[in-house]
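Notes follow the structure.
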Amino acid sequence: MKNTLIEAIEKRRTQYTLGKNVSQTHEQITALIEEAVKLSPSAFNSQSSRVVILFAQQSEKFWQIVMNELRAIVPADKFAPTETKINSFAAGIGTVLFYEDQQTIASLQQQYPSYAEQFPIWSEQGSGIAQFAVWSALANASIGASLQHYNPLPDAAAAKEWQIPDSWKLRAMMPFGSNEAPFPEKTFIDDTERFKVFN
């Protein structure tokens, strides 16, 4: 059974070899990302996901912040592979920073105290959905990306540089750009280890 959504999801792959050879404008990519986040579901329709989109030199500046933070904790004689990896993220045309608004979560906890302990969990689930939606939308537009988690290392410096509200908590970062390398074959665990079906 063919399904266009499944076919689109199949295009979503991790791309570490990024370039700047994309046909879309910054405005078109911004609109794509914004629409993907807006259409992502969230518990109680909380819409707690927040996104910062960095292009060109702004994106490179973010990865330089990450690089500086890593230099402080990775031994100098072992830093070369780390530097290569961070430079590969900066080689793209942009980066999406995914945040969750803690004030929104706190307000829901006050409004629905019986669910208070669940809202942070649901927030993480909502963030994951937004990340997946953006990643899939980019892939369907032939734009490569990967999902990275260097937080909390760059959080404070990024917040200062781009005037991020105090209530926004950084959850993930997604460098994106042109696909400059083919994707390796994707492998899967056996279905019997993952699924149980009862009729």
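The values are calculated or read from the model by the stated rules, or taken from the named source; none is laboratory data. Treat the numbers as computed from the prediction; the structure is a model and nothing was measured. In this analysis, Cβ positions are derived from the backbone assuming ideal geometry, glycine residues included, and neighbour counts consider all displayed protein chains. Side chains included, ligands, DNA and RNA excluded: accessible areas come from the protein's heavy atoms. Shrake-Rupley method; radii C 1.70, N 1.55, O 1.52, S 1.80 Å.
Any idea which residue in the range 74-94 is nearest to Tyr150 (Cα to Cα), counting only those that are hydrophobic (A, V, I, L, M, F, W, C) and either touching a residue at least 40 places away in the same chain (Cβ under 8 Å) or not in a loop (DSSP other than H, G, I, E, B) (or both)? If you could, list the steps in order and put the result at the bottom.
First, the residues of the range 74-94 that are hydrophobic (A, V, I, L, M, F, W, C): 74, 76, 79-80, 86, 89-91, 93.
Retained after the next criterion (residues that are either touching a residue at least 40 places away in the same chain (Cβ under 8 Å) or not in a loop (DSSP other than H, G, I, E, B) (or both)): 76, 80, 86, 89-91, 93.
On the way: Ala76: 19, Ala80: 17, Ile86: 10, Phe89: 12, Ala90: 14, Ala91: 17, Ile93: 19 Å.
The qualifying residue nearest to Tyr150 (Cα to Cα) is Ile86.
Go through Ala116, Ala181 for me and flag whichever is assigned to a loop (DSSP other than H, G, I, E, B) and surrounded by fewer than 16 Cβ atoms within 10 Å (Cβ to Cβ). Explain how you work it out, then say what you get.
On the way: Ala116 fails: assigned to a loop (DSSP other than H, G, I, E, B).
After applying the criteria, what remains is Ala181.
Just the residues that are in contact (Cβ under 8 Å) with a residue 60 or more places away in the chain, touching a helix residue (DSSP H, G or I) at 6+ places or on another chain (Cβ under 6 Å) and not β-branched (Val, Ile, Thr), please, taken from the range 95-125.
Correct list: Phe98, Glu100, Leu108, Phe119, Trp122, Ser123.
Mind checking which residues of the range 1-49 are of a type in the set (Ser, Thr, Tyr), in a helix (DSSP H, G or I) and exposed (fewer than 12 other Cβ atoms within 10 Å of the Cβ)? Can you show your working first?
Taking the range 1-49 first, the residues of a type in the set (Ser, Thr, Tyr) are 4, 14, 16-17, 23, 25, 30, 40, 42, 46, 48-49.
Next, from what is left, pick out any that are in a helix (DSSP H, G or I): 4, 30.
Thr4 - this is the single residue of the range 1-49 that is of a type in the set (Ser, Thr, Tyr), in a helix (DSSP H, G or I) and exposed (fewer than 12 other Cβ atoms within 10 Å of the Cβ).
Could you check, for the range 161-174, whether at least one of its residues is open to solvent by 100 Å² or more (accessible area, probe 1.4 Å), free of Cβ contacts under 8 Å to residues at least 12 places away in the same chain and closer than 22 Å to Trp135 by Cα?
Just the residues of the range 161-174 that are open to solvent by 100 Å² or more (accessible area, probe 1.4 Å), to begin with: 163, 166.
Keeping just the survivors that are free of Cβ contacts under 8 Å to residues at least 12 places away in the same chain gives 163, 166.
Applying the additional criterion that residues be closer than 22 Å to Trp135 by Cα yields none.
No, the range 161-174 contains no residue that is open to solvent by 100 Å² or more (accessible area, probe 1.4 Å), free of Cβ contacts under 8 Å to residues at least 12 places away in the same chain and closer than 22 Å to Trp135 by Cα.
Determine, yes or no, whether Ala158 is open to solvent by less than 90 Å² (accessible area, probe 1.4 Å), within 23 Å of Ser88 (Cα to Cα), small (Gly, Ala, Ser) and not in a helix (DSSP H, G or I).
Details: open to solvent by less than 90 Å² (accessible area, probe 1.4 Å): yes; within 23 Å of Ser88 (Cα to Cα): yes; small (Gly, Ala, Ser): yes; not in a helix (DSSP H, G or I): no.
Answer is no for this residue.
With the requirement that a residue be in contact with a His (Cβ under 6 Å, 6 or more places away or on another chain) and at pLDDT below 95, what does the range 163-199 give you?
So in the range 163-199, the residues in contact with a His (Cβ under 6 Å, 6 or more places away or on another chain) come out as 172.
If the condition is that a residue be in contact with a His (Cβ under 6 Å, 6 or more places away or on another chain) and at pLDDT below 95, then no residue fits.
Residues that are among the β-branched types (Val, Ile, Thr), within 18 Å of the chain's Cα centre (by Cα), open to solvent by less than 10 Å² (accessible area, probe 1.4 Å) and more than 21 Å from Arg50 (Cα to Cα): does the range 88-107 have at least one? Steps first, answer last, please.
Going residue by residue through the range 88-107, those that are among the β-branched types (Val, Ile, Thr) are 93, 95-96, 104-105.
With the extra rule that they be within 18 Å of the chain's Cα centre (by Cα), the set shrinks to 93, 95-96.
Next, only the ones that are open to solvent by less than 10 Å² (accessible area, probe 1.4 Å) stay: 95-96.
Going one step further and asking which of them are more than 21 Å from Arg50 (Cα to Cα), we end up with none.
No, every residue in the range 88-107 fails to be among the β-branched types (Val, Ile, Thr), within 18 Å of the chain's Cα centre (by Cα), open to solvent by less than 10 Å² (accessible area, probe 1.4 Å) and more than 21 Å from Arg50 (Cα to Cα).
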